[in-house]
Structure formats: structure tokens, C-alpha cells
Amino acid sequence: MQIAKVLSKSEASRRLLTLTIISFLLCTTYLLASFLILPRTKVIHLSSSLQGWSSPTTLQHIVFGIASSEKSWPSRKEYVRIWWRPEEMRGCLFLERMPPNGTLDQADAGSLPPICVSEDTSRFRYTFRSGLPSAIRVARVVLETVALNHPNVRWFVFGDDDTLFFPENLAKTLSKYDDGLWYYIGTNSESFAQNKFFSYEMAFGGAGFAISYPLAKVLASGLDSCLARYPHLFGSDGRIQACLAELGISLTHEPGFHQMDIRGSMLGFLTSHPLRPIVSLHHWEAMDSIFPKMDPKDAMQHLFQAVNIDSQRVMQQIVCYDRWFSWTISVSWGYAVQIFPHHLSLPEALRTLETYRPWKKRASGIHELYDVDTLALHPDPCRRPTVFFLHSVSSATDGIRSVYRKMTSENCTFNDPFSPRKLEQILVMSHKLDLDHKQLLAPRRQCCDVLPSAAGNVMEIAVRECGLEELIHMH
């Protein structure tokens, strides 16, 4: 009887051991099979994603594809020279053919992107009436830029030769996204009609747009066959959006990119910039010089004096109030300070003054509408805010000092001693802005204080972070 019990226990032990071994083998087989069966793209995405979050995105991780033409490049290269950094940037400027001299002179070679000649696109059909077949060549800039096969790439960024990028802000903006995922990042037009005609899901090419590395590789692999399906579309950006839509990807809207489908004075638009770093400007040939009495190119170079000192703060709007005079003060750092001679609630102060005109000349109907939160400009110039434009900017150990002065003459008579028109200069003190990942994801506007000034015609303002529960309003 005892022997039977011992045999029974021994048999049970063997069965348990056998079951354990079988279970272990099944689990091992399942895990091994799962790893082998997973698509390779999934593994690539995971490793790339982990790499993307291990260190901040810099300009060295971005490759640019800039579309140009033999006709436009000679007049536009000086604007590209303003923002291009040869030591830090990679990419190509694409032309339909090499310029007549065949090579860049030494000055151009050291300060501009290298020139690449686009491949022949005559085999593709283009059927949009009154459109430009060169749209196909420009669309293929995406494929040809990816084909450059640069190493250690996280993002591909595309734009036109009249796109003005803000390099540090571009890298900072892209750093908040996981470059191992499929991202298509850009913006719409400021014109309601343009968005209605093309698409709210299309990144307008002149504003520039970014495509993450893994998505760009997949897009490039099937781009030619996709382009053949869309001969009826107007532009290159519409073709890229259509091909990305076929991959199931929609646009991630980033308000720092600007198509600038507007004309005239950009004062109202630029002084009400969204609470995000400014990434690009476009169509500078259709706008007035951003600084009065300056050549447009000189004006952009003047702006980049501020960009080179505190890029992330440029155009960021801060509003404070002068309780003694009941003034509302709107600081658009690095560009302009506006003083309204009355109390203006914060929501009103943040709206865009309609200083510009519609993109379409002699516009009517929907062409007069904007996809911007606008505020009508007062018909009497003397009842508009007093504007002080950037005069100089400098950095020292105790902070950054920017000076703003009037650049326009006004035929306004005022006897009111409380009028802001008596001021000649605004001095703004600040510290360099360096947004961390959380601030990029959940930005908060900063605050400012009007400081006592020894001179009656000078206003001094200090910019700072707002207190935890501080409210921006007239006290």
C-alpha cells in the first residue's frame, strides 16, 4: 500500500515536470514566432522612436528639400542666405536645370544650400487647366530629397525658395513630436477661399512642412505611382497631401508655420502671433516691408538680429497695462510694441488687427474672408494704436535689452498729456527664452510690468514669467 502511494506521487511529479516543460516550450515558441512574424517596419518604428526621445532634435537631424527654378533663384537666393546655416544644415535646392555658369561661386557655395538638378518628369500627365506642370517636379522633391540618403535623419522639411525659415524654432518645434511615428506637419492658408478650394487637410507648401523619417521613406517608395493617379490636381502640395491620405495620414496643424496668403502690411498679423515659436514666413514679395522705410531684404536681416539673440521669443505677444494712464500695451518681442490709448480687454488685445488685404486682387465674396481671428482697423489713423518698431537689441549678463522707436511719421495733432504719442522710445528688458518639452506641449503667455522711468518720453517694460495664479487684466 505504501509502495503504491510512493509510485503515485512519483508519477504525479513526472507529469507536473512534463507539463511545465511543455508550457515553457510553447511560450518560447510563441514569443519567437511573434518576433519573427512582426513586420520589420514596426521594429524600425520602435527603435527610431526610442532614439528620437533619447536626445533633443537639432538642425543636424533635419534634411531640407527646397524647390526653386532657374528663373526665380537669382533674385531669391539672398533671402535663403539669411536663414541657411551651412555648418549645421543638410539638404538640397532643386532646380530644373543647372544655372548657366554651371557652378556656384565661392561666396554662394559657402552660404547657400547645394544645388541639385531635378529628374525629368515629362512622362507624367498634368491636366489642370491653366496650371503649371512644374508642380509634378516640385512634388518629386520629396522623393529626391529622401534619395540623398543622409545618415542620422529624423525629419525632412520642405519649402519654396521664398520660404523664410527660423531654424532654431523649427528644430525646437519638431522636438516635441516623436520622430519615430508617422507625422505630416504644417499649416493651412490664412485665406478662407484658398482653404476651401484646396483643403484644410493640406499643408500649404510655401509655408513649409515636415515629414518624419519613417513616413517619408514609405511615401517616397510609392510616390511616382501615386502621382500618376492625380494628374488633375493643381499644385505640388495637393499631390503630397493626396498620397499621404492614401497612406491613412492626416495633417498635424502647427501654427508656427505661415503661408501668408495676404498682401500689404503684415503689422497686425505679426504682432498677434500664436503662442508658439514662429517657424516660417512666406510670400514676402507680396507684402510691404515689415519695417517701414527699409528695403524688404534689409528688414528681414534686421529682424534676424533679434532672432539670433532670442529666437524662441521673437513675435511672442505679451500684454500689460499702465494703470496710471489706462493704456493697453502689446509687446511683440523683437518686432514691435503697440500702445492703445485706452483699456482693451485681453481677448481683444490678442486679436489680429486687419492691417492687410486679401490675397486675390480686387477680391469680393469669400475671397475677402480670412481664417484668422481679426479685429477691424479703425478708419482714422490717429485713433489707431501708436506703434514702435525694433530699433536695436543686445544681450548682456543681466538679460536682454531691446529698444523700439517710431519709424512712421503721423499727421496727428494731440493736446492730451496722457496720449502715448508723446513717447519716443520703449525699452524692454527680458531674459532668453528656452522652452522645455512641457512648455512646448502646454504653452503659457508671459507677463510684463511697466517700470518707473526717469525720462518722460521713454517707457520701460520688464518681461517675466507669470505667477502661478496671476491674471493678465487691468487692475
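Close amide-amide hydrogen proximity is noted between His391 and Val403, Tyr404, Arg405, each under 5 Å apart and 5 or more residues distant or on a separate chain (H modeled in the peptide plane; Pro and chain starts excluded). The listed peptides 59-70, 418-429, 242-253, ordered by packing as a protection proxy, come out as 59-70, 418-429, 242-253 (highest mean of other Cβ atoms within 10 Å first). Counted over all Cα-Cα pairs of region 181-230, pairs farther apart than 15 Å make up 58 percent.
Note on region 56-253: antiparallel DSSP beta bridges, both residues inside, total approximately 25 percent of the bridges counted. Applying the Karplus relation 6.51 cos²θ - 1.76 cosθ + 1.60 with θ = phi - 60° to region 452-468 yields 3J(HN,Hα) values of x, 10, 6, 9, x, 9, 10, 10, 10, 10, 10, 9, 8, 6, 6, x, 3 Hz, where x marks Gly and Pro.
The string of couplings for region 260-265 from the Karplus curve (6.51, -1.76, 1.60, θ = phi - 60°) is 6, 7, 9, 10, x, 6 Hz, one whole number per residue in order, with x for Gly and Pro. Listed peptides 134-145, 83-94, 112-123, 441-452 appear in the order 134-145, 83-94, 112-123, 441-452 once ranked by packing, highest mean of other Cβ atoms within 10 Å at the front.
In this calculation the C-beta distance from Leu247 to Asp416 is compared with R0 = 56 Å, giving a FRET efficiency of 0.35.
At an R0 of 45 angstrom, the distance between the Cβ atoms of Leu181 and Lys293 translates into a FRET efficiency of 0.45. In this structure, the amide hydrogen of Ile115, modeled 1.01 Å from its nitrogen in the peptide plane, lies closer than 5 angstrom to those of Leu93, counting only residues at least 5 positions away or on a different chain. For Ala376 and Arg444, the difference between the fully extended length at 0.36 nm per residue and the C-alpha to C-alpha distance is 21.9 nm. For region 164-183, the residues whose amide N sits under 13 Å from a probe point set 7 Å from the Cα of Glu88 along the beta carbon direction are 165-173.
Phi-derived couplings, Karplus 6.51 cos²θ - 1.76 cosθ + 1.60 at θ = phi - 60°, listed residue by residue for region 285-299: 6, 8, 10, 5, 4, 5, 10, x, 6, 10, 4, x, 5, 4, 5 Hz, with x used for Gly and Pro.
Once the convex hull of all Cα atoms in region 413-475 is built, its volume per residue stands at 135 Å³.
Entry note, the chain: the mean residue ellipticity at 222 nm calculated from DSSP H runs of n ≥ 4, each adding -39500 (n - 2.57), is -9000 deg cm²/dmol after division by the residues and rounding to the nearest 500.
P(r) tail, the chain: Cα-Cα pairs separated by more than 36 Å, 39% of all pairs. Its Cα gyration tensor gives region 299-420 an equivalent ellipsoid. The semi-axes, each the square root of 5 times an eigenvalue, are 26, 22, 15 Å from largest down. Over 28 Å apart at the Cα level, from the set Lys176/Lys217; Lys217/Lys360; Lys196/Lys432, are Lys217/Lys360; Lys196/Lys432. If you take every residue apart from His343 with its C-beta less than 13 Å away from the C-beta of His343, what net charge results, scoring Lys and Arg +1 and Asp and Glu -1? It works out to a net charge of -1.
Pairs of Cα atoms nearer than 8 Å and 6+ residues apart set the relative contact order; for the chain it is 12 percent.
Any read-out appearing in this document is the output of simple, stated calculations on the displayed coordinates, not a laboratory observation. Note that the coordinates shown come from a computational prediction; the quantities given were computed from them, not determined experimentally. Virtual Cβ from ideal backbone geometry, glycine too; neighbours counted across all protein chains shown.
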